[in-house]
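*Asks:* One structure, as C-alpha cells, below. Some questions next.
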C-alpha cells in the first residue's frame, strides 16, 4: 500500500501544490482480536516446531515424565501437523490485513476503500477532495480572477 500512497501523493501534490509537505500515510489499525489471534497462532507455530524437533525430549524438559497420548498422533503425522499449524497461522495473519486505503481531508473522508470496495482512481480522489472544499487549479484560477482569497487547505491523510 505504501507504493499506492506515494503515487497518490505525487499526483495530488502536482494538482494541489498547497499539499506539498502536508500529506502523510498511516497504517489503518487492525481489529485487536485479530492481533491477539495472530500472536497466539504464532506461539502455537513455534511450540509445534519445538515439539517436532525435540520430540519426546521436550516433555521431559518441561518436567513431564512421559509424552501425552495425543503426541503419538503428532509424531506419526509430522508433516501434516506442521502444515496444519502453518495454514492456521496464514489464515490468522489475513485477519490483520485490513485492506484499507482511506483518503481524509481535515478529518473528513474523501474516499474510502473499505466503503467502496475498490481502489480509487485519480478521478475518485479529486472528486472526493473537491466535494470537501479542496480548490483545484481551475477553481484557484477562478477565485484569483474574482479577487477572492483561496481558503487555506488542510492536510490529506491516506
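Each reported figure results from applying straightforward, stated rules to the coordinates on display, with no laboratory input. Predicted model, so just to flag it, every value in this text is computed and none were measured. Backbone-built Cβ (ideal geometry, glycine too); neighbour counts: all protein chains shown.
*Asks:* Can you give the convex hull volume of the alpha carbon atoms of region 32-94 per residue, in Å³?
*Replies:* 82
*Asks:* What distance in nm separates the two pseudo spin-label positions at residue 62 and residue 28, each 7 Å out from Cα along the beta-carbon direction?
*Replies:* According to this spin-label approximation, the distance is 3.8 nm.
*Asks:* If each residue's Cβ is checked for other Cβ atoms within 10 Å, how do 5, 11, 101 rank with the fewest at the top? Let's see the in-between values first.
*Replies:* Numbers: 5 17, 11 13, 101 20.
Least crowded to most crowded, the residues run 11, 5, 101.
*Asks:* At what distance in angstrom do the alpha carbon centres of region 4-55 and region 71-141 lie from each other?
*Replies:* Centre-to-centre distance over Cα atoms comes out at 10 Å.
*Asks:* Hey, what number do you get for the chain at 222 nm if only DSSP H runs of n ≥ 4 count, each worth -39500 (n - 2.57), divided across all residues, to the nearest 500?
*Replies:* Estimated from H runs of four or more residues: -18000 deg cm²/dmol.
*Asks:* Same structure, new question: So how compact is the chain: Cα radius of gyration and Dmax in angstrom?
*Replies:* Just the Cα atoms of the chain yield Rg and Dmax of 26.1, 88 Å.
*Asks:* Follow-up. Taking other Cβ within 10 Å of each residue's Cβ, how do 15, 3 sort, fewest first?
*Replies:* Details: 15 15, 3 7.
Listing 15, 3 from fewest to most nearby Cβ atoms yields 3, 15.
*Asks:* At a Förster radius of 25 Å, what calculated FRET efficiency corresponds to the Cβ-Cβ distance of residue 88 and residue 115, to the nearest 0.05?
*Replies:* E between residue 88 and residue 115, to the nearest 0.05, is 0.25.
*Asks:* Given R₀ = 35 Å, what would the calculated FRET efficiency be for residue 131 paired with residue 43, taking r from the Cβ atoms and rounding to 0.05?
*Replies:* So, using R0 = 35 Å, E works out to roughly 0.15.
*Asks:* What's the angle, to the nearest 10 degrees (0 to 90), between helix 137-146's Cα axis and the longest principal axis of the chain?
*Replies:* Approximately 30 degrees, to the nearest 10.
*Asks:* Using the basic label-point model (7 angstrom from Cα toward the beta carbon), what is the residue 73 to residue 106 distance in nanometres?
*Replies:* Those two pseudo-labels are separated by 6.2 nm.
*Asks:* Relative contact order for the chain: what percent, with Cα pairs under 8 Å and sequence separation of 6 or more?
*Replies:* Normalised by residue count, the contact order of the chain is 31 percent.
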